[in-house]
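Taking it in order: structure first as structure tokens, then the write-up.
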Amino acid sequence: MCMRYEDFLARLKEERVSRGLSQEEMGKKLGMAQSHYCKAETGLQRFTYAEMKRLCKTELDIYYIFTGNRCSTQYQKFFMDCTYEELKCCLAVLCPIASYLQRKGRLELGEVSSRKAESVPYSLAARKDEKTVFYHLRRRFDCNQKKMAEILDVDVKKVRNLEYGKKYPDSELIWKASEELGLPFALILDDEDGLRAEVAHFAELIGVDARGKMLERLKIIYDMIRKRR
């Protein structure tokens with residue numbers, strides 16, 4: 001069963017309270033009035049794209065807020081020196097491997113992680129044409145804009161604007177694309193810490209026996225990338 005947007009909001013409140021932050025303090029961090037933050041946290045309105053970008057820069061665990069998962073600090077530390085582009089390369093390696101192991105019956109990804117493993121290669125497609133990840137995600141489902149609009153529960157114009165970067169998604173649309181379509185929120189928000197957690201998550205999923213060798217190979221890959229920069 002897919003997680004609900006209300007779960008995202010509940011975890012946001014949980015993280016805020018655990019950090020000892022009031023709604024007024026969180027509002028200041030996100031550039032919002034306390035009354036507007038309160039409405040967004042309770043689901044009466046949505047956080048804007050800019051506010052979500054600011055949320056990624058706070059001390060809250062944004063990966064947990066979106067997914068409900070906590071990543072091992074061991075794996076996050078391993079990828080700590082990676083740049084955003086290098087993290088995308090690591091994810092591009094890990095996701096197809098995870099999908100392959102699941103097809104062979106050697107790994108159980110779970111519904112959301114399975115969607116991500118299949119969608120990430122499309123989301124990471126080269127974007128020389130200036131189209132966004134939403135356009136390349138649509139390729140994953142081999143559908144037209146009208147069908148994608150139905151999936152995202154928006155109008156066709158909204159899909160077209162999202163694909164060409166003329167409009168930005170709000171918090172619920174980011175959540176829906178991440179949890180229901182497999183487009184990691186970190187790729188929508190260009191969030192380095194969130195992407196590092198996503199990479200660490202898939203590294204953990206691959207399995208105990210494969211982890212050591214896999215991490216060594218990933219290190220070789222991004223060391224090679226750095227030498228070519």
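Restricting to segment 166-182, and then to whatever is open to solvent by 30 Å² or more (accessible area, probe 1.4 Å) and under 16 Å from residue 135 (Cβ atoms), can you tell me which residue is farthest from the chain's Cα centre (by Cα)? Out of the qualifying residues, it is 166. Within segment 101-117, if we keep just the residues that are in a helix (DSSP H, G or I) and hydrophobic (A, V, I, L, M, F, W, C), the residue that is farthest from residue 204 (Cα to Cα) turns out to be 112. In the set (1) buried (at least 17 other Cβ atoms within 10 Å of the Cβ); (2) within 16 Å of the chain's Cα centre (by Cα), residue 159 fails one condition alone, (2). In segment 25-43, the residues that are crowded, with 19+ Cβ neighbours inside 10 Å form Cβ pairs under 7 Å with partners that are outside any helix (DSSP H, G or I) and not aromatic (Phe, Trp, Tyr), at six or more places apart or across chains, as follows: 27/33; 40/46.
Conditions tested, residue by residue: (1) in contact (Cβ under 8 Å) with a residue 40 or more places away in the chain; (2) within 18 Å of residue 173 (Cα to Cα); (3) open to solvent by 50 Å² or more (accessible area, probe 1.4 Å); (4) in contact with a Leu (Cβ under 8 Å, 6 or more places away or on another chain).
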| position | (1), (2), (3), (4) |
| --- | --- |
| 79 | yes, no, no, yes |
| 94 | yes, no, no, yes |
| 103 | no, no, yes, no |
| 110 | no, no, no, no |
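Only residues that are open to solvent by 60 Å² or more (accessible area, probe 1.4 Å) and under 15 Å from residue 52 (Cα atoms) were counted across segment 1-24, and they come to 1. Residues that are part of a helix (DSSP H, G or I) and either open to solvent by less than 20 Å² (accessible area, probe 1.4 Å) or touching a strand residue (DSSP E or B) at 6+ places or on another chain (Cβ under 8 Å) (or both): does segment 124-133 have at least one? Looking for residues that are part of a helix (DSSP H, G or I) and either open to solvent by less than 20 Å² (accessible area, probe 1.4 Å) or touching a strand residue (DSSP E or B) at 6+ places or on another chain (Cβ under 8 Å) (or both), one finds at least one in segment 124-133, hence yes.
The values are calculated or read from the model by the stated rules, or taken from the named source; none is laboratory data. Every value quoted in this text rests on a predicted model; they were computed, and no experiment measured them. When we count neighbours, we look across all protein chains shown, and the Cβ atoms used for this are built from the backbone with ideal geometry, even at glycine. Only protein heavy atoms, including side chains, enter the accessible area calculation; ligands, DNA and RNA are left aside. Shrake-Rupley method; radii C 1.70, N 1.55, O 1.52, S 1.80 Å.
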